[in-house]
Amino acid sequence: MASTVVMGFVLGLIGVYLTMPASDYSFLKLPRSLEDLQILRDHLESYTSDYTLQVLVGYCVVYIFMQTFMIPGTVFMSLLAGALFGVFKGVALVVFTATAGASSCYFLSKVIGRPLVFSLWPDKLSFFQAQVAKRREGLLNYMLFLRLTPTLPNTFINVASPIVDVPYHIFFTATVIGLIPAAYLTVRAGIALGELQSGIGIHTGRADFEDGDLGRC
């Protein structure tokens with residue numbers, strides 16, 4: 001099951017790669033730092049206007065893959081969405097991909113995740129299971145509370161929810177609504193990061209120009 005999902009993501013990325021223009025794509029890697037993020041943003045910015053669909057599909061595939069398999073670094077992907085697409089498109093993109101990735105993780109965990117959850121988070125799972133059982137009448141409110149607060153990690157919620165019998169429609173609704181505030185803040189931070197980088201570039205270019213003028217005098 002997991003290998004089939006991985007193969008689907010790989011085929012999607014290959015399809016995006018084949019439709020992009022011939023170029024050096026050595027800069028493409030999962031961002032692990034602000035420096036990696038700035039490099040990606042600088043390179044992808046020129047592609048986004050001419051190859052918007054390919055960039056969007058590639059972004060979605062990578063984000064959903066990371067979310068599905070609990071790979072750290074999605075916060076940098078959210079920052080990148082802000083830097084490339086602005087507030088409204090960035091928030092919509094992050095909420096869509098994060099919800100799709102969380103849903104993919106939910107269904108994958110439902111099939112093969114039980115041993116993993118029991119081995120990695122036995123105490124958290126017991127706590128979560130007890131809370132869900134106690135709050136069946138107001139489960140949506142409780143799931144929204146979890147999404148909006150750091151009570152439990154989002155990755156744990158994604159993988160543990162099917163194990164403790166949280167219905168998917170409640171999981172989905174809480175995820176969509178609960179992720180909006182965090183997505184907005186992260187996208188705004190990504191925009192600020194992009195503006196800061198552009199400002200540094202303009203300032204550096206102006207300084208180089210002035211130094212050149214002084215050198216000629």
Per the filter on the range 19-35, residues among the charged types (D, E, K, R) and either modelled with pLDDT under 80 or over 18 Å from the mean Cα position of the chain (by Cα) (or both) are Asp24, Lys29, Arg32
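Kindly indicate whether any position in the range 186-197 is assigned to a loop (DSSP other than H, G, I, E, B), touching a residue at least 40 places away in the same chain (Cβ under 8 Å) and among the hydrophobic types (A, V, I, L, M, F, W, C).
Applying the first criterion (assigned to a loop (DSSP other than H, G, I, E, B)) to the range 186-197 yields none.
Checked against the condition, which is being assigned to a loop (DSSP other than H, G, I, E, B), touching a residue at least 40 places away in the same chain (Cβ under 8 Å) and among the hydrophobic types (A, V, I, L, M, F, W, C), the range 186-197 yields no hits at all.
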Expected single match for touching a helix residue (DSSP H, G or I) at 6+ places or on another chain (Cβ under 6 Å), assigned to a helix (DSSP H, G or I) and more than 16 Å from Val176 (Cβ to Cβ) among Leu84, Leu53 is Leu84
query: Mind checking whether some residue in the range 126-148 is out of contact with any Leu (no Cβ under 9 Å at 6 or more places or on another chain), surrounded by fewer than 16 Cβ atoms within 10 Å (Cβ to Cβ) and touching a residue at least 40 places away in the same chain (Cβ under 8 Å)?
result: no
*Does Val95 fit the bill of being in contact with a Phe, Trp or Tyr (Cβ under 6 Å, 6 or more places away or on another chain), within 30 Å of Thr52 (Cα to Cα), of a type outside the set (S, T, N, Q) and in a helix (DSSP H, G or I)?*
no
Among residues of the range 34-55 being crowded, with 18+ Cβ neighbours inside 10 Å and touching a Ser or Thr at 6+ places or on another chain (Cβ under 9 Å), the residue farthest from Leu193 (Cα to Cα) is Gln54
Within the range 148-192, residues touching a Lys or Arg at 6+ places or on another chain (Cβ under 7 Å) and over 16 Å from Leu108 (Cβ atoms) come out as Leu152, Ala174, Gly178, Leu179
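The values are calculated or read from the model by the stated rules, or taken from the named source; none is laboratory data. These figures come from a predicted structure and were not determined experimentally. Ideal geometry is used to build each Cβ from the backbone, glycine not excepted, and the neighbour counts take in all protein chains shown.
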